[in-house]
Every structure is written in C-alpha cells, then in structure tokens.
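Here the structure is laid out as structure tokens; the discussion comes afterwards.
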Amino acid sequence: MMGDLEDLLEKAESDLRASQTQDDILAVRTKYMGRKGLLTALLRNITAVPQDERAQFGKRGNEIKETLSGWIEAALTEAGARRKDDVLLKQKLDATLPGRRTRYGRIHPVTQVRKEICDIFSGLGFTIVDGPEVELEYYNFEALNIPADHPARDMQATFYIDDGIVLRTHTSPVQVRRMEQMRPPVRIICPGRVYRHDSDVSHTPMFHQVEGLLVDRGITFGDLKGILTYFLKEVFGPDTALRFRPSFFPFTEPSAEVDIQCMLCRGKGCRVCGQSGWIEILGSGMVDPAVFKYVDYDPEEVSGFAFGLGIDRIALLKYGISDLRLLFENDWRFLAQF
Ligand code: PHE
C-alpha cells in the first residue's frame, strides 16, 4: 500500500512537468487532490491498510499531500508569471520605431501665385480691393464701354443669373465700382474668381484673375510698360523676354496684349506655345475716355492704364502643369507637390 502512495507521487510529478498553463495545473490538482481525486481516494481507503501499517501510511499520506500542494502552488505561480511575460511580449512597444507623421496642408498653387502677385503690387503702392462675383450687367459690361447688343459681348461667354445680373466674366467691374467711390489718384489691384462657360484643358468655367488700375495726372503708356515689365520680371525672372502686341479691348485705347518668351523652348517654338515661341500672359491698355465718363472723371485732366491677367495660367507656366483642370480637382497628391 505504501508503494501505491509513492507511485502516485511520481505520476503526479510527471503530470505537473507536462503542464504548461495554469489550467493544466488546476486539472492536475483536481485529478489528484479533488474530492474524487486519486490521492483523496487512496487516503480515504485507509481501512484497507493492514492495522500495523496504518499509522505510517497516514503519516506518509499527509506528507505527500503537503508536498504535492506545495508543488502545485509553485507551478501555478510560475505559470502565472510566464503568462504575464507572454502578454507583455505580445504588446511590446518598440520605442525606436518612427512615429506616424501628421500630414500638413499646403497652400494651393493658385493661392501662392495670387499672393506673390499681390505682394509685388503692394510693394508698388497698389491697394488690394474686392468686389462681388454676382455682378450687375452694368458694371460687367456697360460701364466698361460694352453696350448691350454690341458684338464685343461675345468675347466673353457669359453666365446669366437673371435679367441684368451675371456672374462676372472678369474682375474689371471692380475698377468701375472703385472709381465711382473715389477721386484720382487710384492705384488698385483686384484679385478674384471670374466665370465663363468654357471647359477644356486650358479653360475652366471658373478661374482667377487679377485686374490692376492706375489713374492719375499724366499717366502714359510708358508707365504701363514700365510697371508691367517690372512685374513680369519679378514673377518669371529677370531674363524673361517680353513683347507688347497691339490688341483690342472695349475699355482701353490703345490696348496691348503682353507675351512672354516661352520658358520651355526659350523661343524656339514648342507644343506649349503653339510653335510661336511666345505665350500670351495679360491684356492691358490705357483706360478708354468713355469709361471715365461713366465714373465722372475728366479725361482731359487724368489718364490711366489697366491690365488683367489669369492667375491660373501663370501657375501653370510657373510650375509646368499641363492641364488647368488639375488645379480644381483638389487631389491632395497633386496639390502636395507645390
Ligand atoms: N478684362 C480683360 C479680360 O478679362 C483683361 C483686361 C483688363 C484687358 C484690363 C485690358 C485691361 O479679358
């Protein structure tokens, strides 16, 4: 009978060795020491032990019970620690890994160019002014010497909102509004959105213009040339070649369009400049006396020049963008390049 006790201890020991988790160990405990456990049963069966061995059997039985309890406790503690290590290992944080970068927003290329243009003219003493995008036909056309039914209205494909109300087709109406409000000298630029119903690689129904106006005594075409030359060399670099080409606008007389030498082919002729070597960049001219009449300025006393340019086109040329529409799709992968 004593041999049974020793065998049992040996078996329990090997069972414990084979146990990994706390659950395994608890199962061993139940197997041997539970109410129906093997050791419990053996000890309960003490009546089957011969009388003279009973005392020794009982003593050894209790020792074994204590030993086994001790082992089980120790095994449980050890398994618990192992489990904690496992969890910690799984959750291990590598503090040397790079962090997640926050993506910063960028200033839209059109906004960058607009700011650059405004900065240049601010430096020349021009004030930046604003006007409505939904405009009276009167300011968009009539007061700019473009009467109703005049063919010049066809130059700008207009969105009509209502009778007498349009989405402004250029920022020129702002100059009329401004001149109505103040006497010369006037020195303003008006950046803003304008609308024409056009849409292809080089036209979008909404685009951005900057209009400039300078009115004072004794202003000549030489002032126009000087200021625009300075401006374009600031934007495109001091070596940029320019040419002033006679043109027509109803609100200026004489009028000139300004071309810059194509920066891609340096004047040799390529796809971007339509093989001409030149790129049209702005419209300009001396304010037509007829416009001064609308705002009650005396053309005998004052003169001035005006110019208008597309901000988006300048952004295309400056950054070598091939399709104007990319500017307005707001794909951050595109915009993040500038
Ligand atoms: N307003 C004209 C346009 O949008 C540009 C321009 C402005 C031309 C001022 C001459 C003088 O086409």
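The values are calculated or read from the model by the stated rules, or taken from the named source; none is laboratory data. Note that the structure is predicted; figures quoted are calculated from it, not measured. Glycine gets a Cβ as well: all are built from the backbone with ideal geometry, and neighbour counts include every protein chain shown.
Worth a mention:
- Residue identified as assigned by TED's automatic domain parsing to the domain that holds Arg177, without any contact (Cβ under 8 Å) to a residue 60 or more places away in the chain and within 15 Å of the ligand (Cβ to nearest atom) among Ile260, Ile281: Ile281
- When the criteria are applied in full, Glu211 meets the requirement of being of a type in the set (Asp, Glu), within 11 Å of the ligand (Cβ to nearest atom) and either buried (at least 19 other Cβ atoms within 10 Å of the Cβ) or outside the structural domain of Ser303 (by TED's automatic domain parsing) (or both).
- Single condition Ser247 does not satisfy, out of (1) closer than 20 Å to Phe207 by Cβ; (2) under 32 Å from the mean Cα position of the chain (by Cα): (2)
- Close pairs (8 angstrom Cβ cut-off, 6 or more residues apart or separate chains): in the same structural domain as Ser284 (by TED's automatic domain parsing) in segment 172-184, assigned to a helix (DSSP H, G or I) and surrounded by fewer than 19 Cβ atoms within 10 Å (Cβ to Cβ) anywhere: Val176/Tyr294
- Restricting the first member to segment 159-170 and to residues that are more than 15 Å from Arg193 (Cβ to Cβ), and the second to residues that are assigned to a strand (DSSP E or B), the beta-carbon pairs closer than 8 Å and six or more apart or on different chains are Tyr160/Val166; Gly164/Leu136; Ile165/Val134; Ile165/Glu135; Ile165/Leu136.
- Residue count for segment 180-201, restricted to those that are crowded, with 18+ Cβ neighbours inside 10 Å, away from the ligand (no atom under 13 Å from the Cβ) and modelled with pLDDT under 95: 1
- Contacts under 6 angstrom Cβ, first residue in segment 236-252 being within 16 Å of the ligand (Cβ to nearest atom), partner hydroxyl-bearing (Ser, Thr, Tyr) and part of a strand (DSSP E or B), 6 or more apart: Ser247/Ser255; Phe248/Ser255; Phe249/Ser255
- Selection of segment 194-212 for residues being over 24 Å from the mean Cα position of the chain (by Cα) and either among the acidic types (Asp, Glu) or over 17 Å from Glu257 (Cβ atoms) (or both) yields Tyr195, Arg196, His197, Asp198, Ser199, Asp200, Glu211.
- Strands (runs of 3 or more DSSP E) within segment 228-338 that include 3 or more residues loosely packed, with under 15 Cβ neighbours inside 10 Å: 242-249
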